[in-house]
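The structure under discussion appears below in the form of structure tokens.
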Amino acid sequence: MDITKSQLSISHLKMICQLERCETVKEAAQALFITQPALTNRIREAERRLNSALFYRRGRKIIMSNAGKRLLQSAKKILEELARAEHDISRLTDGIEQVLRIGLPHYASFQWLPKLMQGFNTQHPSIELEITSEAATQPLNALFNHNVDIVMISSANPLLELDEKNFSANCLNQDELVACVSKKHKSANKAFLTASDFIEETYVTNSTVPEKDREYELFFKPEGIIPKKVLQVGFSDAIIELVKANLGVSIFSKNQLSRLTYDEDIKLIPLGENGLTLYWHLAYSNQTMIAEPAKSVVALLQK
């Protein structure tokens, strides 16, 4: 494919992204700081170049066609990558030679983060660590697609199997998933909980999307069990407060709980008779400019 023959410009990509957010051409034009006729002409120009309709009208509203949806998918990726490139280049003018993106899950503990940043800045003053949540739900996909350079990921196995030619992984430490219930809860005095104990519960979680190698895959799925009600709450501290009030139950890793404020009103109970062990890994690209500083991150974290 010859990329020099592309028919569209950045203005066309911004146009379709903005039109997704707006119901009318007038709203999109205002958001783009251009006139409505100018935006209408831009749409027609894109459709003429592609020889395909990108939108159709339903009253005053515009509806994206299948062709428009396909263009939108690529436009988002291109504009995101362009924004990253602009950010990286702006950092170069400040003496930063490289930006290293680390994808962290929202359920990790972060008390180590300040010391990591300080230690890494001392060792690599010309490399900037950028912390992102882009890899929160699909960390390995984000790494394989080069959206991030390094990811922190949990796994049920002490060894993380990757394509060793292109990627490496180091195990950082061992952790454990535990149930969090109120001391007023009917199961508070049990020695351990099974998946069946959650059937009639309101399960409070950060995300309703099952995350790889977490409680859904390791605990609920093998037993074919899903809690009766799943309540999504975007903040771990809020989950703790709801559990404390006996309005639901949840599952955390012990490392994650180490940074949260919980008191004698919360009971931590093992999952299964033998507990549910978890391992934290750092996975990264084997490209030399990434692998070398990534090894420094591993060493600092293992301290």
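The values are calculated or read from the model by the stated rules, or taken from the named source; none is laboratory data. Please read all numbers here as calculations on a predicted model, not as lab measurements. Note that we place each Cβ from the backbone using ideal geometry, even for glycine, and neighbour counts take in every protein chain shown.
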When residues of the stretch 125-156 are limited to those that are in a loop (DSSP other than H, G, I, E, B) and in contact with a His (Cβ under 9 Å, 6 or more places away or on another chain), the one surrounded by the most Cβ atoms within 10 Å (Cβ to Cβ): A136
Elements of type strands (runs of 3 or more DSSP E) contained in the stretch 52-124, each with 2 or more residues being modelled with pLDDT of 75 or more and under 30 Å from N173 (Cα atoms): 98-103
Test: residue in the stretch 48-66 that is aliphatic (A, V, I, L, M), more than 16 Å from L19 (Cα to Cα) and over 22 Å from the mean Cα position of the chain (by Cα): yes
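With the requirement that a residue be more than 18 Å from S253 (Cα to Cα) and either of a type in the set (A, V, I, L, M, F, W, C) or outside any loop (DSSP other than H, G, I, E, B) (or both), what does the stretch 164-187 give you? Step through it out loud before you land on a result.
Filtering the stretch 164-187 for residues more than 18 Å from S253 (Cα to Cα) gives 164-170, 183-187.
Of everything in the stretch 164-187, those that are more than 18 Å from S253 (Cα to Cα) and either of a type in the set (A, V, I, L, M, F, W, C) or outside any loop (DSSP other than H, G, I, E, B) (or both) turn out to be F167, S168, A169, N170.
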Among the candidates L242, L231, residue that is assigned to a strand (DSSP E or B), of a type outside the set (G, A, S) and touching a residue at least 12 places away in the same chain (Cβ under 8 Å): L231
Qualifying residue in the stretch 167-183 (condition: within 13 Å of the chain's Cα centre (by Cα) and modelled with pLDDT under 90): no
Test: residue in the stretch 263-278 that is at pLDDT 90 or above, of a type in the set (S, T, N, Q) and out of contact with any Gly (no Cβ under 8 Å at 6 or more places or on another chain): yes
Failed item in (1) more than 24 Å from F110 (Cα to Cα); (2) charged (D, E, K, R); (3) outside any helix (DSSP H, G or I), with E264 passing the rest: (1)
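Go through the stretch 39-81 and count every residue that is in contact with a Ser or Thr (Cβ under 8 Å, 6 or more places away or on another chain), in contact (Cβ under 8 Å) with a residue 40 or more places away in the chain and among the small types (G, A, S).
Our first condition is that a residue be in contact with a Ser or Thr (Cβ under 8 Å, 6 or more places away or on another chain); within the stretch 39-81, this holds for 42, 52-56, 60-62, 65, 67.
Right, trim to in contact (Cβ under 8 Å) with a residue 40 or more places away in the chain and you get 62.
Restricting the remaining residues to those that are among the small types (G, A, S) gives none.
Summing the residues that are in contact with a Ser or Thr (Cβ under 8 Å, 6 or more places away or on another chain), in contact (Cβ under 8 Å) with a residue 40 or more places away in the chain and among the small types (G, A, S) in the stretch 39-81 gives 0.
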Matching residues, the stretch 13-38, being of a type in the set (V, I, T), touching a residue at least 24 places away in the same chain (Cβ under 8 Å) and over 16 Å from K76 (Cβ atoms): T24, V25
Restricting the stretch 65-88 to residues that are exposed (fewer than 13 other Cβ atoms within 10 Å of the Cβ) and of a type in the set (G, A, S), the residue that is nearest to R44 (Cα to Cα): S74
